[in-house]
1. Considering the dipole of segment 1-154 built from charges on the beta carbon (Lys and Arg +1, Asp and Glu -1) around the Cα centre, which of 107, 147, 61 is farthest to its positive end?
2. Determine ³J(HN,Hα), in whole Hz, for all residues of segment 139-147 in sequence, where each value follows from phi through the Karplus function 6.51 cos²θ - 1.76 cosθ + 1.60 and θ = phi - 60°; x replaces Gly and Pro.
3. Order the peptides 85-95, 61-71, 28-38, 154-164 from the highest to the lowest mean number of other Cβ atoms within 10 Å of their residues.
4. Can you list the residues, at least 5 places off or on another chain, whose amide H is less than 5 Å from the amide H of residue 61, using H built in the peptide plane?
5. Per-residue HN-Hα couplings for segment 163-177, Karplus 6.51 cos²θ - 1.76 cosθ + 1.60 at θ = phi - 60°, whole Hz, x for Gly and Pro?
6. Report, as a whole number in µm² per second, the diffusion coefficient that Stokes-Einstein gives for the chain at 25 °C and 0.890 mPa s using the Kirkwood radius over alpha carbon pairs.
7. If amide hydrogens are placed 1.01 Å from N in the peptide plane, which non-local residues have theirs closer than 5 Å to the one on residue 66?
8. Go ahead and set up a Gaussian network model of the chain, Cα springs under 10 Å, then flag whichever of 81, 123, 21 fluctuates most.
Amino acid sequence: MHRPPDPLPAPPARHRALAISAGAAVRRLHALLGAIPDSLIALVGRFSIAAVFWKSGQTKVEGFAIDLVDGVFAPGWPTLSDSAVALFRDEYRLPLIAPELAAPLAALAEHLFPALLLVGLASRLSAGALLVMTLVIQVLVYPGAYPTHGVWAAVLLYLMAHGPGRLSLDHWLAPRLR
């Protein structure tokens, strides 16, 4: 008859103490990370995604340049660059919309919605508009760029679901509009 193997001996007391100590450290780390304020996450998300779209919009205009990250400030009256229309005609090739219309609309959207997100005004609407742009870019323009567009979509979905946080005009205006 076959006999079952002997049970494993209990680990030494110091191994049990290390396991308990490691478990407590993991719980403390989880609690610490869980204490990161949602408003901080939203602020970083708003600033980061706004910078992505703003910088893209800046490539489509001339006579107006503001880049908070690089410290560029050259106010003026923006005009659509010739290269923007060419970009929509030759590379982006959106169906159903002429490059002469798509280029100025994209330039406007890439300036308006990031500016609104940056200050936290109409944040959910702005994030939604940029999510639609992201989906159009992913599906129609650069379908192989999902890793980048997926990150953009995640940030925009977070902002749509959770709002811009306390450090925003939306948060300040909300009680005044009720």
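The numbers here are math on the coordinates, done by the rules we state, and not lab data. Only a predicted model underlies this, so the values are computations on that prediction, with no experimental measurement involved. In this analysis, Cβ positions are derived from the backbone assuming ideal geometry, glycine residues included, and neighbour counts consider all displayed protein chains.
1. Of 107, 147, 61, it is 147.
2. 7, 9, 10, 10, x, x, 9, 4, x
3. Details: 85-95: 14.3, 61-71: 12.7, 28-38: 9.4, 154-164: 18.5.
Listed from highest to lowest mean packing, they are 154-164, 85-95, 61-71, 28-38.
4. Residues meeting the criterion, in which the H sits 1.01 Å from N, are 81.
5. x, x, x, 6, 8, 8, 5, 4, 5, 5, 7, 3, x, 7, 8
6. After rounding, the answer is 124 µm²/s.
7. Here the answer is 74, since their amide H atoms fall under 5 Å of that of residue 66.
8. Evaluated over the chain, the most mobile residue of the options is 21.
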